[in-house]
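The values are calculated or read from the model by the stated rules, or taken from the named source; none is laboratory data. A quick note: this is a predicted structure, and the numbers were derived from the prediction, not measured. A quick note on method: Cβ atoms are made from the backbone with ideal geometry, for glycine too, and the neighbour counts reach across all protein chains shown.
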Amino acid sequence: MKISKSPWLLHYDASSCNGCDIEVLAATTPVYDIERFGIINTGNPKHADILVITGGVNAQNATVVKQIYSQMPDPKVVVAAGICACDGGIFKDCYNILGGTDTVIPVDVYVPGCAVRPEALIDGISKAIAMLDEKKQAAIEHASCQIHYEDKED
Amino acid sequence: MATRSVVPFGPQHPVLPEPIHIDLVLEDEKVIEAIPSIGFIHRGLEKLVEKKDFQEMVYVAERICGICSFGHGYGYVDAIEHIMSIEVPERAKYLRMILFELSRLHSHLLWLGLLADAFGFESLFMDTWRIREGILDMFEESTGGRVIFSINKVGGVRRDIPDEMLKRFVKKLDEIESEVGVAARAFLEDSAVKTRLCGIGKLTAREAEELGCCGPMLRASGIRRDTRKLGYLAYDDIDFDIIASDVGDSYARTEVRLGEIFQSIDIIRQAVSKLPGGETEAPVKGFPDGEYMTRIEQPRGEACYYVKANGKKFIQRMRVRTPTFANIPALTKILQGCDMADVPIMVVTIDPCISCTER
């Protein structure tokens, strides 16, 4: 069963100005309707497959972002939505901004824009969904290799 | 005596689009005390005045918050214009006022959706956000952006909006008004919704005044105070009443914001019918020298912008006091003694905008 048939989405606002947050939410509502891909906006990291981060990471929420990422089950993908999540954007020079999302967790898809447009976000998320399948396939192959290896040892 | 326990609420929580952390001290199911801690979205953008010149700072000011972006841009620009004694053309004032009220419409519709989501009425959330897309289409058509549109600049507006387009918008607003009317019935008359809102999070007029509330939160508690009545932009030419309620609970706050949606549509209608012609921007010469404080009415309440400059390219200080910051003390007050299950509703009814608060 492919995980891409129904990936669940978790959104966390790292230090965004809200512009990207409301566009992420707008992407789930009837005009853009991301739910047609089987995506549900969940609030629980343990149910989520796609993590959408908006805004650059700052000193206080770096641990929160790391925690949310570690609570998500494998395979998982991270989408950095908006230019601030990609590299800090207009707030890059602020004293409290460490940088983009990739300063604390690995990012799979970068979606630039200020604020990110729902169309661009949907494009980014559909790329992320394809990656989810690849990651799952790789994990299965890796696991079967290991079983094979262990069999040989016996 | 029941044992006390502490339940953390946030920073990542299903009902919160933005992170705020509240420690809830519980006795059984009752909240005894709520201790908020903020700082998850603090960027320190006020200090960017040292790196961006006074014209570039408009873009930074607009990104204080993506929901009330237009207002933040206007507040900053207005302070600079006063320091530099720039006379903004009448047409630009009217265009700014129209865009300001459209922003208020989009912000209140967004809030109504989040409220519906907080009490678990998913289809109502979807419906209000569908209506809101109509307003965003207007922004996109007239300014080019959906949420952050950078139309303000020192001295006026960046582009003119043609009269025909505005007339078309007014026609579209008639449709939006009737659609909001249908949604308003669900918010105000549905018995299930009423049980989640009536009597929840009561704040008396005296408490609201003492805790320094502002905006719809203050007006829903019976104090009629609206910064728009100061008559900045062209609000002096517009006929409107302050919408208030004397009850002070979550239901009253919903009622006030719904009333303001219809009021904003009315203000836009009046503004379009009175719109003067002429220039949309005034020339800007030299650099600002002096200080000024602007007060404006954002969708969430009164916001203040302080700017100090000394005749150089970079201004010395910018300070913003945002409405949510003023409403957080009231939030901790109404959370005391409420049920644990009502906490999300109350956090949403102050209409929190954390990225404004922390900047």
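Just one of the listed residues (A:Val64, A:Val77) is more than 9 Å from chain B (Cβ to nearest Cβ), over 24 Å from B:Arg132 (Cβ atoms), aliphatic (A, V, I, L, M) and touching a residue at least 12 places away in the same chain (Cβ under 8 Å), and it is A:Val77. Can you name the residue in region A:108-137 that is among the hydrophobic types (A, V, I, L, M, F, W, C) and free of Cβ contacts under 8 Å to residues at least 40 places away in the same chain and is also nearest to the other protein chains (Cβ to nearest Cβ) among such residues? Ranking the candidates gives A:Ala120 first.
Has region B:110-123 got any residue that is within 15 Å of B:Ile265 (Cβ to Cβ) and either among the hydroxyl-bearing types (Ser, Thr, Tyr) or under 19 Å from the mean Cα position of the chain (by Cα) (or both)? Yes, region B:110-123 contains a residue that is within 15 Å of B:Ile265 (Cβ to Cβ) and either among the hydroxyl-bearing types (Ser, Thr, Tyr) or under 19 Å from the mean Cα position of the chain (by Cα) (or both).
Matching residues to (1) in a loop (DSSP other than H, G, I, E, B); (2) within 28 Å of B:Asp163 (Cα to Cα); (3) modelled with pLDDT of 90 or more; (4) not acidic (Asp, Glu):
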| residue | (1), (2), (3), (4) |
| --- | --- |
| B:Ile22 | no, no, no, yes |
| B:Ala34 | no, no, no, yes |
| B:Phe40 | yes, no, no, yes |
| B:Cys65 | yes, no, no, yes |
| B:Gly71 | no, yes, no, yes |
| B:Tyr76 | no, yes, yes, yes |
| B:Leu102 | no, yes, yes, yes |
| B:Leu109 | no, yes, yes, yes |
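Pairs linking a residue in region B:236-255 that is at positive phi to a residue that is of a type in the set (D, E, K, R), with Cβ atoms under 7 Å and 6 or more positions apart or on different chains, are B:Gly248/B:Lys202. Which one of A:Asp108, A:Asp87 is buried (at least 16 other Cβ atoms within 10 Å of the Cβ), within 30 Å of B:Phe139 (Cβ to Cβ) and of a type in the set (Asp, Glu)? Of the residues listed, the single one that is buried (at least 16 other Cβ atoms within 10 Å of the Cβ), within 30 Å of B:Phe139 (Cβ to Cβ) and of a type in the set (Asp, Glu) is A:Asp87. If you go through region A:1-47 and pick out every residue that is more than 10 Å from chain B (Cβ to nearest Cβ) and over 28 Å from B:Arg63 (Cα atoms), you end up with 15.
Set side by side, the residues B:Arg4, B:Arg43, B:Arg63 differ, and just one is at the interface with chain A (Cβ under 9 Å from one of its Cβ atoms) and in contact with a Leu (Cβ under 9 Å, 6 or more places away or on another chain), which is B:Arg63. With respect to the conditions (1) more than 29 Å from B:Gly120 (Cβ to Cβ); (2) in contact (Cβ under 8 Å) with a residue 40 or more places away in the chain; (3) touching a helix residue (DSSP H, G or I) at 6+ places or on another chain (Cβ under 8 Å), A:Asn58 falls short on a single one, namely (3).
For every residue, the table says whether it meets (1) within 14 Å of chain A (Cβ to nearest Cβ); (2) in contact (Cβ under 8 Å) with a residue 12 or more places away in the chain; (3) over 25 Å from A:Asn96 (Cα atoms); (4) not basic (Lys, Arg).
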| residue | (1), (2), (3), (4) |
| --- | --- |
| B:Lys308 | no, yes, no, no |
| B:Ile315 | no, yes, no, yes |
| B:Ala330 | no, yes, yes, yes |
| B:Lys333 | no, yes, yes, no |
| B:Gly337 | no, yes, yes, yes |
| B:Ser355 | yes, yes, no, yes |
| B:Glu358 | yes, yes, no, yes |
